[in-house]
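The values are calculated or read from the model by the stated rules, or taken from the named source; none is laboratory data. Note that the coordinates shown come from a computational prediction; the quantities given were computed from them, not determined experimentally. Cβ sites come from the backbone with ideal geometry, for glycine too, and all protein chains shown count toward neighbours. In case anyone asks, the SASA skips ligands and DNA or RNA and just uses the protein heavy atoms, side chains included. Shrake-Rupley method; radii C 1.70, N 1.55, O 1.52, S 1.80 Å.
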Amino acid sequence: MRLSFGSHCNVFPILALLVITYSSCILSEVYGLMLNSCDLFQGSWVYDESYPIYDSSKCPFVGEGFDCQANGRPDNSYLKYRWSPSGCDIPRFDGQDFLKRYEGKTIMFVGDSLSHNQWRSFSCMLHAAVPNLSYTKSAQRGGIFHLNFTDYKVSLVYTRSVFFVDLVVENSERILKIDTISHGDAWKNADVVIFNTWHWWLHTGRLQPWDKIQEGNMTYKDLDRVVAFEKGLTTWSKWVNENINHQTTQVYYLGISPVHYNGNEWGSPGRRATCENETTPIAGSVYPGGQISGQPVVKRVLSNMSSPVYLLDVTLLSQLRKDGHPSHYTNKEHKGLDCSHWCNAGVPDTWNHLFYASIVLPRQC
């Protein structure tokens, strides 16, 4: 039996109740969405000529590093895949409907460059939905970007915070304080906040932005990175519990976005096997390389929270998209290899589509 989503309703006023009580209408599996046993995050990619949702050449917000077509990527079949959950259909994305629902509201994306990737994708999706949509945009120091669709007074904000927890300089040393958050006040004022962190916890060498890790009175030259990630994410979870008013603010967590630098994971062995020259998704609903080490951490931390947080569990569907990265087309010179971020248009559109689906799914109680 396939389920359809014909009627629209806004779940925000009772989101907290639904998640905490495990309503018979909408079931939560570690705060991930299921509808009558249909898991929106289990499925496969199907070719669909009606895709992509928008033409990146007509969007002023794509971002050079994500604009694979403008940067010379020769193929475009990667744009034509639609996520199809097993056993149900998701509603077609309707940007104008979203703008009407969230008129006067602020949607904030907090995290690293993957959140930036997602913010730019969603900006393009809404821009394409309404012809001649008016907007203003601005940027602030520290990696804060504002986009305001003035006709609807809907604001999309990206705030760079790669760890959530504090990264400070003391006595010329960069210290990652995994048990404190002192810069989160702006997060409290949004109507929807979508958080994401993971990639920067794994960086070493010249990409590592800290010299020491501090927890209470203890300092460490290093920690197991998954352990450090769990400690930092737990600090964030406590901050959300204590500081977010869930009567006025919806909280989402974007699941871990994978990289594709190791072709052995999907059956393309070889020293140089990466996302380079990949043009099609992995068929089926299973990623041969297995789960990412941080995935159980995310679910464990979210399941222990007292506050409702909705998990956009996009890891598997993104793992299947080895073809979706910029590869050498992160710039017009084709320098470097990016198998971490995603082309816009592309995979982040599906993350945002599922975010939209979480809003419009009907309740039949």
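Things to note:
- Choice from A128, A190, A139 showing the highest fluctuation, given a GNM over the chain with Cα pairs closer than 10 Å: A139
- Straight Cα distances below 20 angstrom link K188 to the aspartates and glutamates E103, D112, D166, D179, E242, with same-chain residues fewer than 8 positions distant left out.
- Set of segment 186-206 residues, backbone N closer than 17 Å to the point 7 Å along the Cα-Cβ line of N245: 186-193
- Among 344-357, 145-158, 208-221, the peptide with the highest mean count of other Cβ atoms within 10 Å heads the list, and the full ranking is 344-357, 145-158, 208-221.
- Out-of-range pairs (alpha-carbon distance over 32 Å; input K221/K332; K58/K177; K238/K332; K231/K335; K80/K137; K58/K335): K221/K332; K58/K177; K238/K332; K231/K335
- Using every pair of separate Cα atoms, the Kirkwood estimate puts the hydrodynamic radius of the chain at 21.1 angstrom.
- Two-site label geometry, N262 and K58: point separation in nm, points 7 Å out along Cα→Cβ: 4.2 nm
- When you restrict to C-alpha pairs under 8 Å that are six or more residues apart and normalise by the size of the chain, the relative contact order lands at 26 percent.
- Cα→Cβ-extended label distance, 7 Å offset, between T279 and S77, nm: 0.6 nm
- Structure-based [θ]222 nm, the chain - -39500 (n - 2.57) summed over DSSP H runs of at least 4, per residue, nearest 500: -6500 deg cm²/dmol
- Mean Cβ count within 10 Å, highest first, over the residues of peptides 83-91, 241-249, 321-329: 321-329, 83-91, 241-249
- Looking at the chain, the accessible area is 43 square angstrom per residue; that uses a 1.4 Å probe and ignores ligands, DNA and RNA.
- Full extension of the chain between S303 and V227 gives 25.6 nm of extra length, using 0.36 nm per residue less the Cα-Cα distance.
- Dipole magnitude for the chain: computed about the Cα centre from +1 point charges on Lys and Arg Cβ and -1 point charges on Asp and Glu Cβ, it is near 160 debye.
- Among complete DSSP H helices in the chain, those whose alpha-carbon atoms stretch at least 18 Å along the helix's long axis and whose mean Kyte-Doolittle hydropathy reaches 0.0 are 347-360.
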